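> Take this structure, written in structure tokens, and hold onto it; I'll ask about it next.
The values are calculated or read from the model by the stated rules, or taken from the named source; none is laboratory data. Model, not experiment: these values are computed from the prediction. Neighbour counts run over all protein chains shown; Cβ positions are idealised from the backbone, glycine included. All accessible areas refer to the heavy atoms of the entire protein, side chains included, with ligands and DNA or RNA removed. Shrake-Rupley method; radii C 1.70, N 1.55, O 1.52, S 1.80 Å.
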Amino acid sequence: MRGWRLGRIAGIDVEIHFTWVIIFVLVLVSLSTAALPHVPASLPSVVRWIGGLVATVLFFASLLVHELSHSLMARREGIPVRRITLFIFGGVAQIASEPRSPGAELRIAVVGPLTSAVLGAVFIKLASLVPTTHGGLALLHSNLFYLGAFNLVIAAFNSLPAFPLDGGRILRSLLWLWWKDLRRATGVAAGLGKVLGYGLAGVGLWEMVARGEVAAGLWRVALGWLLAAVAEQEYQRASAMARLGGLRVADFMSSPPITVPADMDLEQFAHAYEFMLRHGAYPVVSEGRVKGMLEREVLRATPRHLWPVTTVAAVMQPLEAPEMVIEADAPLDEVLSRLTDTGRSRLLVVNERGELVGIISHSDVLRALRSFRRLP
Ligand SMILES: [Zn+2]
């Protein structure tokens, strides 16, 4: 999920997905037009809207702080964080890989709800310091109180023991620690995640049909559906990882790889590799060294008349990202997590001397999984 880049906090990019605009407007309108207790109806609407805008910004800043706490803890645990994205269901910190130990997962998960609870307490304390006797101050009091309550709700909701919520991750890490079995632990936490997801979707449906609250109901249906889908996806992933345990990249890669010279043009490539184009991508070499990867798709993306004047080097993915390369003796599950995390479809395989020895794709890993399934 990519969005518009808002800025950078503590070295982490913060992005806004287009769906976030919907929730921003909804929150702004409901905060600015709500009939708040203590606030006289005579208060000018421009004051209400300014108050509403400030509260809305603080509302999303609170979500950002929650995600930032996960991100900073993940980084402390040695896991890089790609970015934080705000979207219609709140925020998500895109952490580059799964924690390698139950302790790390527990620390990364638990810090989020704790941060929200502290924020909630601070806002409610601040609200209690503001008198409610004057119209403008009453508005400030109400907004601070609302922000406090919102943060407490975020802390409570995220603490539910249902994966992928923070509470579900906490539960998973504890079961993982207890059973020493990530797959079984994910099974329980994700199972509860699906129960919560479908339950929430059911409540949303009831709201829409029985109470006519279409917007709120639809939002809950979509959120519940998303939670259930992520829970299922994570369970499948954990199962796949468990089955792949003990297998090596070298056993399932395509080797030796069919390479393409960097100075070849696309016209030559299309002819010379006509019978070998069954591969989706080719390592590009120059002077005996790997320079990048050429996706077969570039032939389609490049206009036919430009083929003779376009070199392979010009359209390849240059070998700048270290995540494009994996060692032959790395565990196979590492390939799956690397592909999922980076959105790539293949990785170049090198030996301990850094020489290219093969290429491994998503389908090679699936082949490994299928061969396992055939066993009794
Ligand atoms: Zn969280």
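> Do the conditions hold for F24, that is, is it within 16 Å of the ligand (Cβ to nearest atom) and among the aromatic types (F, W, Y)?
For F24, the condition - within 16 Å of the ligand (Cβ to nearest atom) and among the aromatic types (F, W, Y) - is not met.
> Considering only segment 76-186, give the helices (runs of 4 or more DSSP H) lying wholly within it that have at least 2 residues that are closer than 21 Å to D333 by Cα and open to solvent by less than 30 Å² (accessible area, probe 1.4 Å).
The helices (runs of 4 or more DSSP H) meeting that bar are 102-129, 166-179.
> Going through segment 1-34 one residue at a time, which ones are open to solvent by less than 70 Å² (accessible area, probe 1.4 Å) and under 17 Å from the mean Cα position of the chain (by Cα)?
G3, I12, D13, V14, E15, I16, H17, T19, W20
> Next question, about the same structure. Quick one: A61 ticks every box in (1) in a loop (DSSP other than H, G, I, E, B); (2) under 25 Å from A222 (Cα atoms); (3) within 16 Å of the ligand (Cβ to nearest atom) bar one, so which box is it?
That leaves (1) as the condition not met.
> Checking the condition closer than 22 Å to V188 by Cα and within 13 Å of the ligand (Cβ to nearest atom), which residue from P161, P113 passes?
P113
> Something else: Is it the case that some residue within segment 215-237 is basic (K, R) and under 30 Å from D364 (Cα atoms)?
yes
> Taking segment 282-313 only, how many residues are touching a residue at least 60 places away in the same chain (Cβ under 8 Å) and either charged (D, E, K, R) or under 12 Å from D265 (Cα atoms) (or both)?
Adding up the residues that qualify gives 0.
> A further question on this structure: Please pick out the residue among V118, V92 that is free of Cβ contacts under 8 Å to residues at least 12 places away in the same chain and either over 30 Å from L139 (Cβ atoms) or within 15 Å of the ligand (Cβ to nearest atom) (or both).
V118
> Any idea which of (1) open to solvent by less than 20 Å² (accessible area, probe 1.4 Å); (2) under 15 Å from the mean Cα position of the chain (by Cα) is the one E67 doesn't satisfy?
Checking E67 against (1) open to solvent by less than 20 Å² (accessible area, probe 1.4 Å); (2) under 15 Å from the mean Cα position of the chain (by Cα), the one that fails is (1).
> Another question, then. What are the pairs, 6+ residues apart or on separate chains, where a residue within segment 214-228 that is outside the structural domain of L26 (by TED's automatic domain parsing) has its Cβ under 6 Å from a residue that is modelled with pLDDT under 90?
Listed pairs, sorted by first residue: L223/F89.
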